[in-house]
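**Q** Before we start, here is the structure in question, set down as structure tokens.
The values are calculated or read from the model by the stated rules, or taken from the named source; none is laboratory data. In this text, all values refer to a predicted model and were calculated from it rather than measured experimentally. Every residue, glycine as well, gets a Cβ built from its backbone with ideal geometry; the counts of neighbours run over all protein chains shown. Each accessible area value is taken on the protein alone, full model and side chains, heavy atoms only, with ligands, DNA and RNA left out. Shrake-Rupley method; radii C 1.70, N 1.55, O 1.52, S 1.80 Å.
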Amino acid sequence: MPVRSPDILRERLANGLEVFLVEDHSAPIATFWTWYRVGSRNELPGLTGVSHWVEHMQFKGTERIAKGQIFGDVSRVGGTLNALTSQDWTAYHETLPVDQLDLSLAIEADRMRNSLFDAAEVDSERTVILSERQGSENRPAFALYEEVAGTAFHAHPYRHMVIGYEGDLRAMTRDDLYRHYRRHYHPGNAFIVSVGDFSAPELLGRIERAFGGIAPGESILRDLGVKEPPQPGERRVEIRKPAGSPLFRVAFHAPAASSPDFVPLLVTEAVLSGGGGGMGRSSRLYRALVASGLARGAGSDMSVTIDPYLFQVAVTGLPASDLGQIERVVAHEIGRLQSETVPEAELERAKRQLLAQLTYSAEGVTNQAYWLGQWEIVDHLGRAAGLPEEIRSVSAEDVRRVASDYLVPQRSTVGWLIPAEVGGNIGSGGDGDPAGIAPFGPVTWSIHGGEQNSYGFERRKLSNDVVVLSQDRPYSQSVALRFRIPAGSIYEEDSTAGLSHLTARVMGRGSAGMTFEEISDRTDDLGSSLGIDAGRQFLEGRIRCLRDDLPEMVGLLANAIQRPDFPVDQIELVRAEQLGAIKDAANDTRAVSDRELRRAIYPEPNPLGRPSLGTPESVNALSAADARRFHE
């Protein structure tokens, strides 16, 4: 279950503020989330991006809190914080030692109604927001996503990105931002979720004292009154811009999270591309597109939203990929879902991956609170605990039905991004994220050398001198393991630049007689993930699994580290993917500036200045024998 304890203290204060508290005594920390029912969905034409901009302004000070003070106050007590804006909501959170939780209450109660929105700060932040917008535009995957979403929706505000349009961002005034803040930031449009090592009744009293005196605002209807009209036929969009590889994306209109068809479509999405989090190498899209050598990456996604949104398939090609062929393969795999019953073993594998991902995504108090709050926004908080059973109950016939009902051409929008510099190879057929939602980092931790306690790490050394740092979390259902070896790109010669990356990737693609397909089948069966990558200094192997599966997954990782087979066909596939990544990096402004800065700091012959992916010339020259020698 995503939340360990079903005991949630629920209360509504007299001013309308809802409070949800969950006691979790696994560590002396607590997380405090303040959610507002406002996002880009609530923005009018001419004001796109206002919710995200208001989120930024919430760190610019009140009469009591100076600009930037929130970051200093939270970090000084060993806490972390973040703020997030999505299509449907805005949220602020702090994760702190539990005895510092009053700091969160003071911050969030004050900025709920007292943020200043100083005109000079608004103008200063405009440049930050515009830079963020322009940085997103430089990412080819974002550009294609924006065009596809904007074409798929004609009426609903889901058609614009959370970051907003540049023209609106340039024209918006301080008063526009302040009106949006006053209308949406009040107890009647907010709720609190807190999870941690506290007494829920006692914390409720403190919350009431901190927030109870804030006046309720005007009621805001959840229903926008805007319905997207039925799509009368397939829509297409083609864009050309500098990019290392061609991109394909197709979006189908999909149901809201509250729909009974949402979870069956979620399982359908897992059959197509896996349960996320590094799983899915046995999935249909991966096998048909990536393992076959047609593309560098392929996946699908379906957002959890209040109103009906999109079920999307996205493919990152190789530099010479034929977008028409990619589109035909995707259409074939979707057609199979509609015409054939998914085999029981494949269905169970997809469901196990989803169930495992639910467990992973709700580990720790911060993610528990996020999970509960998101479902309170899009449906109701109690839905979170019932999702595992909903997933288990999905049948093969449910998958066939929802694929037939929703994944149809007349409800689709097809997008192609053709690299401008080469004109693209478009054939004969007719991966990035939207802005706004940031990933979560771990809470602050420290190593307690030489001794073990409830929350610290214990350091041991094996007989062969391998050092093991371990932390016991008895409440956790999952295990994460990382294994590091000093074997990164600084250990290569100039002539073999990129060898550590190629070696690492191929090590995970066949070992101790098991093929890549067999390894992928087994890890996906377990709802686990295994990956090996190399950076500049280290090669790192990673596994994520449920507690009971740790022995088997450690065995698979040990085989990959110690007994890789280096199959020639996998070396060629990894080489093609690596060359595609090099070309993509050459068209990415952030990657180019990082490369130039690094070389300026570490001039030749310092290996820290060399690109860890290598160059097209060096990667094309690498062989299986080179990889074996590097491994040895």
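**Q** Within the set of pairs 6+ apart or on separate chains, which have a first residue in segment 277-296 that is among the aromatic types (Phe, Trp, Tyr), a second that is not in a loop (DSSP other than H, G, I, E, B), and C-beta atoms under 7 Å apart?
**A** Tyr286/Ser273; Tyr286/Ala298
**Q** Could you list all residues from segment 42-64 that are hydrophobic (A, V, I, L, M, F, W, C) and either more than 20 Å from Asn189 (Cβ to Cβ) or part of a loop (DSSP other than H, G, I, E, B) (or both)?
**A** Once the filter is applied, which keeps residues that are hydrophobic (A, V, I, L, M, F, W, C) and either more than 20 Å from Asn189 (Cβ to Cβ) or part of a loop (DSSP other than H, G, I, E, B) (or both), segment 42-64 yields Leu44, Leu47, Phe59.
**Q** With respect to Gly324, determine if the residue is at pLDDT below 95 and surrounded by fewer than 23 Cβ atoms within 10 Å (Cβ to Cβ).
**A** no
**Q** Among the residues of segment 178-232, which ones are assigned to a loop (DSSP other than H, G, I, E, B), of a type in the set (A, V, I, L, M) and within 31 Å of the chain's Cα centre (by Cα)?
**A** The answer is Ile220, Leu221, Leu224, Val226.
**Q** Considering only segment 493-510, how many residues are buried (at least 24 other Cβ atoms within 10 Å of the Cβ) and within 13 Å of Gly614 (Cβ to Cβ)?
**A** Residues that pass the stated criteria total 7.
**Q** Looking only at residues in segment 614-631 that are over 22 Å from Asp565 (Cα atoms) and of a type outside the set (S, T, N, Q), which one is surrounded by the most Cβ atoms within 10 Å (Cβ to Cβ)?
**A** Gly614
**Q** Please go through segment 511-528 and pick out each residue that is open to solvent by less than 20 Å² (accessible area, probe 1.4 Å) and under 25 Å from Ser361 (Cα atoms).
**A** Ile519, Ser520, Thr523, Asp524, Leu526, Gly527, Ser528
**Q** With respect to Ala576, determine if the residue is closer than 30 Å to Pro603 by Cβ and under 26 Å from the mean Cα position of the chain (by Cα).
**A** Spelling it out, it is not the case that Ala576 is closer than 30 Å to Pro603 by Cβ and under 26 Å from the mean Cα position of the chain (by Cα).
**Q** Now for a different question. Step by step: first the residues of segment 146-173, then only those that are part of a helix (DSSP H, G or I) and open to solvent by less than 10 Å² (accessible area, probe 1.4 Å), then the one that is farthest from Ile129 (Cα to Cα). Which residue is that?
**A** The initial filter retains those residues of segment 146-173 that are part of a helix (DSSP H, G or I), namely 146-152, 157-159, 166-171.
When the remaining residues are screened for being open to solvent by less than 10 Å² (accessible area, probe 1.4 Å), the result is 148-149, 152, 158, 169.
On the way: Val148: 23, Ala149: 21, Ala152: 25, Tyr158: 20, Leu169: 8 Å.
Of everything passing the filter in segment 146-173, Ala152 is farthest from Ile129 (Cα to Cα).
**Q** Which count do you get for residues in segment 384-421 that are assigned to a helix (DSSP H, G or I) and within 21 Å of Phe252 (Cα to Cα)?
**A** Going through segment 384-421 one residue at a time, the tally reaches 14.
**Q** Right, here's the next one. Restricting segment 18-41 to residues that are touching a helix residue (DSSP H, G or I) at 6+ places or on another chain (Cβ under 7 Å) and not in a strand (DSSP E or B), which is surrounded by the fewest Cβ atoms within 10 Å (Cβ to Cβ)?
**A** Pro28
**Q** Would you check which residues across segment 587-613 are open to solvent by less than 60 Å² (accessible area, probe 1.4 Å), farther than 15 Å from Leu502 by Cα and hydrophobic (A, V, I, L, M, F, W, C) and list them?
**A** Matches in segment 587-613: Ala591, Val592, Leu608.
**Q** Find the strands (runs of 3 or more DSSP E) located wholly in segment 450-554 whose residues include 2 or more that are aliphatic (A, V, I, L, M) and more than 26 Å from the chain's Cα centre (by Cα), and list them.
**A** 467-470
**Q** Restricting to segment 449-479, name every residue that is surrounded by fewer than 15 Cβ atoms within 10 Å (Cβ to Cβ), modelled with pLDDT of 85 or more and not charged (D, E, K, R).
**A** Listed by number, the residues that qualify are Leu462, Ser463, Asn464, Val466, Val467, Val468, Leu469, Ser470.
**Q** Let me ask something else about it. Somewhere in segment 354-375, is a residue at positive phi, at pLDDT below 95 and crowded, with 20+ Cβ neighbours inside 10 Å? If you could, list the steps in order and put the result at the bottom.
**A** Our first condition is that a residue be at positive phi; within segment 354-375, this holds for 364.
Cutting the leftovers down to at pLDDT below 95 gives us 364.
In the following step, the residues that additionally are crowded, with 20+ Cβ neighbours inside 10 Å were identified as 364.
Yes, some residue in segment 354-375 is at positive phi, at pLDDT below 95 and crowded, with 20+ Cβ neighbours inside 10 Å.
**Q** Which is out of contact with any Leu (no Cβ under 9 Å at 6 or more places or on another chain), at pLDDT 95 or above, open to solvent by 20 Å² or more (accessible area, probe 1.4 Å) and closer than 17 Å to Leu272 by Cβ, of Arg411, Arg401?
**A** Among Arg411, Arg401, only Arg401 is out of contact with any Leu (no Cβ under 9 Å at 6 or more places or on another chain), at pLDDT 95 or above, open to solvent by 20 Å² or more (accessible area, probe 1.4 Å) and closer than 17 Å to Leu272 by Cβ.
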